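J.: Here it is: the structure, laid out below.
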Amino acid sequence: MYAMSLGDDGAELRPLEPWQAEEFLAHMDRGREFIGARNGLPDVVTDLESSRAFLRAYAERAAADTGRIHGIWSGGALVGAVILRKFDLTDGTAEAGCWLEPAGVGKGLVTRAARALIDWAISVRGIHRVEWVVSSDNEPSIAVARRLGMTRDAVLRESYHYRGKRHDEEIWSILSPDWHAPATR
């Protein structure tokens with residue numbers, strides 16, 4: 001298996017695969033409350049079988065070339081992930097996402113990992129537009145979108161129903177010409 005360095009602190013980006021279901025579940029258990037504050041994944045990954053099924057679904061997406069999941073390791077532990085939830089080569093569009101458990105917060109890991117994944121999608125695979133969909137009250141994720149050079153395209157008012165409450169969602173994006181511009185990088 002390969003790993004991509006995310007910097008001098010030893011953090012790495014690696015593919016997440018079904019054989020890592022136990023490690024993924026342990027990561028989800030450590031961050032369940034924190035991650036679940038804004039992301040429904042902890043409601044989906046609740047035991048070993050659901051962890052395996054989630055990773056298997058992304059393995060199938062990778063095989064079909066329609067999505068990707070890569071874990072973020074820091075200090076030898078899985079602390080988060082970046083994903084391409086949607087990956088459409090025909091349309092040239094993708095949607096990126098992320099999450100972290102508390103042990104990974106405040107180290108710039110998501111920004112570095114998302115930058116690597118988006119760069120691959122645009123520079124290697126030819127994606128033209130990458131979107132970042134985020135709840136309007138998720139300031140840390142919005143800050144990542146800004147650091148990545150993205151532009152806020154829209155606010156979808158009360159479009160996301162989560163845990164009994166409606167939330168506004170923001171759509172941020174970057175286009176390949178902007179990604180390759182020196183100021184963005």
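The values are calculated or read from the model by the stated rules, or taken from the named source; none is laboratory data. Every value quoted in this text rests on a predicted model; they were computed, and no experiment measured them. With ideal geometry, Cβ positions are generated from the backbone for all residues, glycine too; neighbour counts draw on all protein chains shown. Quick note on the areas: whole protein, heavy atoms, side chains included, nothing else; ligands and nucleic acids left out. Shrake-Rupley method; radii C 1.70, N 1.55, O 1.52, S 1.80 Å.
Yes/no matrix, rows are residues, columns are (1) closer than 19 Å to ARG85 by Cα; (2) touching a Ser or Thr at 6+ places or on another chain (Cβ under 6 Å); (3) of a type in the set (Ser, Thr, Tyr):
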site	(1), (2), (3)
SER141	yes, no, yes
ARG146	no, no, no
SER159	yes, no, yes
ILE171	yes, no, no
LEU175	yes, no, no
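J.: Something else now. Select the helices (runs of 4 or more DSSP H) contained entirely in the stretch 89-185, then report the ones holding at least 3 residues which are at negative phi and open to solvent by 30 Å² or more (accessible area, probe 1.4 Å).
T.: Correct list: 109-119, 139-147.
J.: Scan the stretch 73-82 for residues that are among the aliphatic types (A, V, I, L, M) and open to solvent by 10 Å² or more (accessible area, probe 1.4 Å) and jot them down.
T.: So in the stretch 73-82, the residues among the aliphatic types (A, V, I, L, M) come out as 77-79, 81-82.
ALA77, the sole residue that qualifies.
J.: Out of the residues in the stretch 43-72 that are in contact (Cβ under 8 Å) with a residue 40 or more places away in the chain and in contact with a strand residue (DSSP E or B) (Cβ under 8 Å, 6 or more places away or on another chain), state the one that is surrounded by the most Cβ atoms within 10 Å (Cβ to Cβ). Break it down into steps so the answer makes sense when it comes.
T.: Filtering the stretch 43-72 down to residues in contact (Cβ under 8 Å) with a residue 40 or more places away in the chain leaves 58-59, 62, 68-72.
After this cut, where a residue has to be in contact with a strand residue (DSSP E or B) (Cβ under 8 Å, 6 or more places away or on another chain) as well, the list is 58, 62, 68-72.
Values: TYR58: 22, ALA62: 17, ARG68: 22, ILE69: 22, HIS70: 24, GLY71: 23, ILE72: 28.
Applying the filter and picking the extreme gives ILE72.
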